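Chemist: My questions all concern the structure below.
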Amino acid sequence: MLYRFYSAILVCLIPFIADARLPDFTDLVEEASSAVVKINVSFKEQDRLGLPSYRGQLPDIFRELLEQQRRSQQDRPQRYSMGSGFVISEDGFILTNHHVVNSADEIRVTFADRQEYVASIVGTDRRSDLALLKIEAENLPVLALADDDDLRVGEWVLAIGSPFGLDYSVAAGIVSAIGRSIPTERNETYVPFIQTDVAINPGNSGGPLFDLEGRVVGINSQIYSRTGGSIGLSFAIPASVALNVVEQLKDNGRVDRGWLGVAIQDLNQQLAQALKLSKARGALISAVENGSPADEGGLIPGDVIINFNGKAIIDSGDLPPAVGGVRPGESAPVKIYRDGSQKTLTVTVSALADSEETPSRQDGGDRLGLVVRDKSDGANQDPMRQDGAVISQVSPRSAAEKAGLLRGDIIVQLGRVRIRDTREYQRVVSNLPENVPIPLRFFRQGRAIFRTIQIAGK
C-alpha cells in the first residue's frame, strides 16, 4: 500500500520535474521572428548548348537556325528555390547562405508581416557559404550576432526558418558538437561547424540559430540526410565566422583569407610516439610548398602545429579556419613541436587564391565524358602540386565513369603526356585513339592513382 502511495506521488511529480528543466522558447520566438525572412530565388535556365556568337562567320541560314535555338531556350520557364535569412542592420542588410542565392536572377525576401522586398547581392563567400543581401528599407527589426565562442556542447538552441516553404517554422534541440571539420566537395575546411540535432530541413538554409539568451550563435547551412529530410544531424556556421565575413563583404564585396602553404594530416598514437609527443594532438605538417609563408617562416615537414595565432590546434581540421581567419599580410605566432621540444615561430600569411573557376566546356563533356577546370591554390586537394586538370563533371555512362573517375579528381597524366592545365588536357584528349586502353594517372585526396581509360569506337 505504501509502495502504491509513493508511486502515485512520483507519477504526479514527473510533469513538474520535466517542466522545471525544459526551456520555454515562446518569448524568444515572439521577439525574434520579425527579423527572420523567407527568401525566394528565381533562376533562368542556362543555355545548355553553349553556342558562341558567330556573327558574320556563318551563312545566313545557319545563323538564323542558331538564333532560333537561342530564343527557344530563352523562352523556357524559370526555376525557383527558397531559403531563409535574417536582418542584421536597420537599413536593410540581410545574411543568408551562399548556396541559397548563388547564380540567382531575382531575389525576393518576405517578412512575417508579409512585406516583400527585392534584394540585391552585396557579396557572397563560397568557402564559408555566406551571402550578404541588401534591401531598400529602414527601421527594420534586427538580430544580433554573438561575438564570442562560448557555446557549449549540450546547450539548448533554437532555429527559425522556412523548411519546405513552411513560413517561420520553429525547431529546437541541443548542441551536439562544436568545431566540426566538414570538407567540401573541393576538400576545403574553412568553417568550424556547430553540429546540432535541431530538425533542419531544405528551406532552413541561411536562417538563424539562437541560444537561450536570444543571440544568433550560428547560421544554419547543411544537413546530413539519407532521405532529404532531417535525421538529427545539422550544421551551422558559427556567428564569430559570420561577423568577419560580413565585415569584409560590406567593405570589399569579397572575403580575403590567409594562406600558409602546407599539407597537413592528423596524428595517431604511433606517430605521436615516433615524434616524441606525449599526446596525439595537433596538425602534422607532411609537406611545405617552396616559397610559401610556411617555408619563409621556418616551418618544415615533421613539425606539429599545436597553436596558431592564439587558437589551439587539436587536430588538422582546426588549422584551415585558424589560418583563413588571419588577414593577408598579417603576422601570426605559430607554436610547434619539433624533435620533442616546443618552440614558437612567426609567419606572415599570404592571400589565399580565389578558386572560382570556369569549366573548359559547358555541355555534356568531352570525348572522355569530362568537364574539367584549371587547378588553383584554393581548390587544391594536394597543395604541393601546381599542375593538372580538375574534374568538375563526369557524364553518366561515359568512358570516365567506367574508369571510376570522380568529381574533384586531378588528372596529371594521360598516356605518356604530363597534364599541366586544361589546354594541355584538351589537346591530348582530342588525339586519343579509340578502342585502345590509355594509362591515366590522377590524384584523389592527395593520393596518386593509376587507371586505364578507353574511348569506345563508333
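Computed from the coordinates by the stated procedures, all read-outs in this text should not be read as laboratory data. Keep in mind that this is a model prediction, so the values were computed, not measured. Here the Cβ positions follow ideal geometry from the backbone for every residue, glycine too, while neighbour counts run over all protein chains shown.
Chemist: Give me the number: length gained by fully extending L345 to N139, i.e. 0.36 nm times residue separation minus the C-alpha to C-alpha distance, one decimal in nm.
Modeler: Going from the current span to full extension adds 69.3 nm.
Chemist: Here is a further query. With just the Cα atoms defining each centre, how far is the range 322-337 from the range 164-239? Give it in Å.
Modeler: 28 Å
Chemist: Would you mind computing, in nm to one decimal, how far apart the modelled labels at D147 and A448 are, each placed 7 Å from Cα along Cα→Cβ?
Modeler: If labels sit at D147 and A448, their model points lie 5.1 nm apart.
Chemist: Assuming 0.36 nm per residue, please report the length gained on full extension of the stretch A353 to R423 beyond their Cα-Cα distance.
Modeler: Extra length from A353 to R423 when fully extended: 23.1 nm.
Chemist: Starting from the Cα of T227, step 7 Å along the direction of its Cβ; do the same at D295; then give the gap between the two resulting points in nm.
Modeler: The modelled label-to-label distance comes out at 5.2 nm.
Chemist: Could you tell me which of L277, P293, L249 has its Cα farthest along the dipole of the range 156-315 towards the positive end, charges placed at Cβ (Lys, Arg +1; Asp, Glu -1), taken about the Cα centre?
Modeler: Checking the options against the dipole of the range 156-315, the answer is L277.
Chemist: Taking the Cβ-Cβ separation of S103 and S278 as r and a Förster radius of 41 Å, what is the calculated FRET efficiency to the nearest 0.05?
Modeler: Step by step, r from the Cβ atoms, then E = 0.25.
Chemist: Once you have the Cα-Cα distance between Q413 and D387, take 0.36 nm times their residue separation minus that, and quote the gain in nm to one decimal.
Modeler: The span from Q413 to D387 would gain 8.3 nm if fully extended.
Chemist: For the range 124-129, take each phi angle, set θ = phi - 60°, evaluate the Karplus expression 6.51 cos²θ - 1.76 cosθ + 1.60, and give the result in whole Hz per residue in order, putting x for glycine and proline.
Modeler: So the Karplus estimates, Gly and Pro as x, are 10, 9, 4, 5, 9, 6 Hz.
Chemist: Quickly work out the A112-to-K402 label distance, labels modelled 7 Å from Cα along the C-beta direction, and quote it in nm with one decimal.
Modeler: Simple spin-label model gives 5.9 nm for this pair.
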